[in-house]
1. Taking H placed 1.01 Å from N in the peptide plane, check which residues at least 5 places from Gly132 or on another chain put their amide H under 5 Å from its amide H.
2. Working with all protein chains in place, sort Arg49, Arg58, Arg94 by solvent-accessible area computed with a 1.4 Å probe, largest first.
3. May I ask you to give the percent of accessible area on the stretch 34-133 that is carbon plus sulfur, with a probe radius of 1.4 Å?
4. Using a probe radius of 1.4 Å on heavy atoms only, what accessible surface per residue do you get for the stretch 59-172? Whole Å² is fine.
5. Tell me, what does the Kirkwood hydrodynamic radius of the stretch 107-172 come to in angstroms if you use every pair of distinct C-alpha atoms?
Amino acid sequence: MRFTRRSQLRAFTPLTAAALLACPAAPAASAAEARTEASSSDTCTLGVRAAAHPGRDRVVLDLGERTLPEVSSWTSTTGSYHTPADTTQYMTVRATSYLFLKLFLAHFYDSAGNPTYKSPDVQPFGLPAVKGVQVVDGFEGRAEFALSLGPSTRYSAFTLTQPNRVVIGVYR
C-alpha cells in the first residue's frame, strides 16, 4: 500500500511545517560548517524499535529533530531489493511478505560524517506479525528500511513529532 497524495498531505503538511532543531552532531570546527548544518533540512535516523500490542505489532523509526522526511512504502512477497549499484539483494530475515519504507531527505550520518543510527542494520524480532527490520539503503538523501512480516501485509504508517518518528502498525 502506498500513501495516497491526500493522506500524505493530511499527515505530513502540518508536520513538515515545523522546522525543528539539528540532529545530534559533533561541534562544528568553524562558523561556516555550523551554517551549513543549520541550513540543511534533512533529518537523521537514530534507531528502530518494535513491540507487540493488542491486535498489531508496532515498529517505530526514531528520527532527529529536523523537518520530517517524505515517507513512501510498498510491499513484496520476494524480499528482493536493488542496491544503488543495481544489484539484487534479499532480506536477511526471511518471512512471508515484506514492507519497504523509503524516507526521503533522511540520512544515517550527521553533516560531519558521524553515524547517528545506533540500531543494528539487521534486527530480528520474535513478534507475531513483524519478524525483523533491516536497513536496505542509505544513499543520496534516502534512508530505506524493510520489515520482514508474517502473512499479513495490512498496515498503517504515520509520522509524529516531539520526538520525531515514523510509526508503522502491522495488523494481525
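1. Phe125, Ser148
2. Values: Arg49 115, Arg58 70, Arg94 135 Å².
Ranking Arg49, Arg58, Arg94 by accessible area, largest first, yields Arg94, Arg49, Arg58.
3. Numbers: 2620 of 4880 Å².
In the stretch 34-133, the share of accessible area belonging to carbon and sulfur is 54 percent.
4. Values: 5110 Å² over 114 residues.
Accessible area per residue: 45 Å².
5. Working: mean 1/r = 0.0741 Å⁻¹.
In the stretch 107-172 this quantity evaluates to 13.5 Å.
The values are calculated or read from the model by the stated rules, or taken from the named source; none is laboratory data. Worth saying up front: this structure is predicted, and the values here are computed from it rather than measured. SASA here: full protein model, heavy atoms, side chains in, ligands and nucleic acids out. Shrake-Rupley method; radii C 1.70, N 1.55, O 1.52, S 1.80 Å.
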